[in-house]
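What follows is a set of notes on a single structure, which appears directly below.
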């Protein structure tokens with residue numbers, strides 16, 4: 001397996017382009033199943049998860065062509081569509097479950113394997129299936145597959161009250177509702193920018209959707225959707241990750257395409273920690289205000305709160321802050337697996353249940369560490385930027401699921417970082 005080697009102590013200066021959002025693109029791609037006309041996505045990220053979704057859609061009969069070095073995805077589902085999403089593909093990635101709603105809406109039935117993804121905690125499918133059942137789907141779990149069938153061959157509009165704001169379930173139900181008969185109301189809907197991006201694309205395809213970005217989304221079903229061209233929204237998690245790079249090791253970096261509205265709660269914590277975030281004509285510029293970073297307390301919450309997908313990276317920053325920080329993880333129960341690896345680098349971290357107490361140290365020290373999931377991978381790279389000596393991050397295949405060209409982007413602003421094959 002590949003490893004990434006980071007030699008810390010260098011300040012960063014320059015510009016980093018931010019890619020289109022992985023989580024948005026993974027929801028947008030299954031929307032091609034809702035129409036027999038072409039759907040084109042521009043600004044797509046070049047990631048292994050996108051390749052996995054491409055493989056899944058192609059297995060279902062969709063045509064997916066990667067253009068402009070992978071930044072444009074030209075898709076069409078004009079032919080016969082298969083309705084079985086096989087385990088061998090779905091097991092690789094959690095977002096594979098997002099074909100369930102579109103397949104049910106278009107074909108009236110589907111067989112979708114239970115999904116895989118990072119081992120960061122339980123993410124049950126019940127909220128998806130309960131919502132679809134409210135719309136008239138009969139769903140049975142058999143041999144590891146969800147067997148779903150719409151009564152009468154067509155889903156019907158319904159009022160759906162989510163027990164919590166699930167991004168994936170909101171996306172699945174919203175797509176399913178576009179072709180359902182009648183009106184669907186989703187209460188306690190997720191409000192993430194990726195939800196708004198999907199709704200924007202679906203409206204361009206002819207869907208009637210209101211309320212995206214709020215906790216109540218209304219979808220009036222239509223008979224058919226048309227083709228469209230849509231640009232994927234900026235990846236706010238990649239943006240936040242690279243905003244932390246100059247914060248953790250010094251310097252000033254401009255994030256091209258960055259927007260404060262995508263990360264308002266995160267930016268507030270950076271300001272409290274002593275990090276300046278300035279809007280520019282091209283994005284956001286980030287630098288320390290002066291001196292050592294200050295400790296801050298962080299609680300992860302659904303959007304517009306502090307993102308769980310930036311908790312690991314924020315912990316890396318706070319490892320060298322002045323004072324003691326408290327990080328509370330409320331979304332996923334297994335999302336402190338990076339803490340023992342940071343401790344190997346000299347961090348002072350005490351984890352009890354869903355809370356991590358981080359007492360800042362003067363300096364981290366390079367060490368061999370192992371990535372446990374996608375966001376943990378990049379948190380260890382960030383820690384390595386600030387550490388004394390060399391840090392070797394093993395098992396970086398996780399990284400390829402969510403960050404394109406991370407070595408190129410960081411070395412381009414002055415980081416001493418390289419990827420070594422087979423180590």
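The values are calculated or read from the model by the stated rules, or taken from the named source; none is laboratory data. Quantities reported herein were computed from a predicted structural model and do not represent experimental measurements. Quick reminder, even Gly has a Cβ in these numbers, built from the backbone with ideal geometry, and neighbours come from all protein chains shown.
Some notes on this structure:
- Residues that are part of a loop (DSSP other than H, G, I, E, B) and farther than 13 Å from residue 179 by Cα, drawn from the stretch 194-216: 211, 213, 215
- The set of residues in the stretch 402-423 being under 19 Å from residue 248 (Cα atoms) and part of a strand (DSSP E or B) consists of 416, 417, 418.
- Some residue of the stretch 288-306 being surrounded by 18 or more Cβ atoms within 10 Å (Cβ to Cβ), in the same structural domain as residue 362 (by TED's automatic domain parsing), on the phi > 0 side of the Ramachandran plot and in contact with a strand residue (DSSP E or B) (Cβ under 9 Å, 6 or more places away or on another chain): no
- Any chance residue 274 is in contact with a strand residue (DSSP E or B) (Cβ under 8 Å, 6 or more places away or on another chain) and buried (at least 19 other Cβ atoms within 10 Å of the Cβ): no
- Residues of the stretch 70-86 satisfying the condition of being closer than 20 Å to residue 46 by Cα, touching a helix residue (DSSP H, G or I) at 6+ places or on another chain (Cβ under 8 Å) and not in a strand (DSSP E or B): 70
- Odd one out for residue 57, checked against (1) farther than 24 Å from residue 145 by Cβ; (2) touching a residue at least 24 places away in the same chain (Cβ under 8 Å): (1)
- Checked against the criteria, residue 366 does not count as on the phi > 0 side of the Ramachandran plot and touching a strand residue (DSSP E or B) at 6+ places or on another chain (Cβ under 7 Å).
- Out of 129, 40, 83, sole residue that is assigned by TED's automatic domain parsing to the domain that holds residue 28 and touching a residue at least 40 places away in the same chain (Cβ under 8 Å): 40
- Restricting the stretch 349-386 to residues that are more than 27 Å from the chain's Cα centre (by Cα) and assigned to a loop (DSSP other than H, G, I, E, B), the residue that is surrounded by the fewest Cβ atoms within 10 Å (Cβ to Cβ): 362
- Unmet criterion (only one of (1) assigned to a strand (DSSP E or B); (2) surrounded by fewer than 24 Cβ atoms within 10 Å (Cβ to Cβ)) for residue 219: (2)
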